1. When only alpha-carbon atoms count, how far does chain A stretch along each of its three principal axes, as whole angstroms with the largest first?
2. How many Å³ per residue does the convex hull of the Cα positions in the protein assembly as shown occupy?
3. With the radius of gyration and the Kirkwood radius both derived from the Cα set of the range B:3-154, what is their ratio Rg to Rh?
4. Using modelled amide H (1.01 Å from N, peptide plane; none on Pro or chain starts), what sits under 5 Å from the amide H of B:Met66, excluding residues fewer than 5 places away?
5. Just rank B:Arg74, B:Arg101, A:Arg41, fewest to most, by other beta-carbon atoms within 10 angstrom.
6. Multiplying the sequence separation of A:Tyr7 and A:Trp21 by 0.36 nm and subtracting their Cα-Cα distance, what value in nm do you get?
7. Can you give me the distance in nm between label points at B:Met110 and B:Ser36, each placed 7 Å from the Cα along the Cα-to-Cβ direction?
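Every read-out reported here was derived from the displayed coordinates using simple, explicitly stated rules and does not represent laboratory data. Quick caveat: nothing in here was measured; it's all calculated off a predicted structure. Methodologically, a virtual Cβ is constructed for each residue, glycine included, from the backbone with ideal geometry; neighbour enumeration extends over all protein chains shown.
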Amino acid sequence: MSSSPSYAVWALIGACAVALWIASRTVAGRRVVVRPAAVLRRLATDPWLRVPLVLGWAWVGWHLFAR
Amino acid sequence: MPDAARRGLERPVARAASIVVLAGYALWLAATTPFSSPANILTAIAIVAVVTMATIRWPAHPTRMMIAEAERPRHPYLGWVVLAGLIVAWELVMYLVRGSRSAHPTLSSMADAFDRYDDGLKAVACFAWLWLGTAIVRAGTQATTRAADRGAVPS
């Protein structure tokens, strides 16, 4: 089976992420979506969400570079 | 020299120094082989450093930083939540569907291929991960004035 459809969906998701990031940096887009830094600040200053945020970051590093 | 002016000079210098340190560490980490002791130790040191900094700098009872009412979109985080949902859903589909991993790549398998391709690319990924760790620590530090400069208010 070809891997092209799978990669195409990943590419589409990546394009959506880039589009959101660009939108969050424009004046018009800021009325719809906040910047990634605001999302990070919201998560990191929440007494509960900050724990999975750090654990998730640690897991990603361990999974990608160590194991 | 006034304090504010001195801080204004110190901040870019500190930022440049931290970028150099992170880049050096990323190059070192990228040169290790996964599943080896050096890779485990260097990754663990970075994790322990971020957890330690967060423990020291983050308040025990934080005040949630929200976006100022005047600047707040109707659903400020919706776009990012939907994106995260899409990533998780597609990752699960790729992971659970029957067939070879090359036909159904997950984020991990793509990252592994990316890392194998070139140590330079792996160093970029290491740097991004380390930088995100420092960004998380900074974001959770209750620097109200800095956050307020960017339109955040305590909830």
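1. Ordered largest first, chain A gives principal extents of 45, 40, 17 Å.
2. Working: hull volume 33.4 nm³, N = 222.
Expressed per residue, the convex hull around the Cα atoms of the protein assembly as shown is 151 Å³.
3. 1.04
4. For B:Met66, the qualifying residues are B:Val153, B:Ser155.
5. Ranking B:Arg74, B:Arg101, A:Arg41 by Cβ neighbours within 10 Å, fewest first, gives B:Arg74, B:Arg101, A:Arg41.
6. Additional length available on full extension: 3.0 nm.
7. With each label point 7 Å from Cα toward Cβ, the separation is 2.8 nm.
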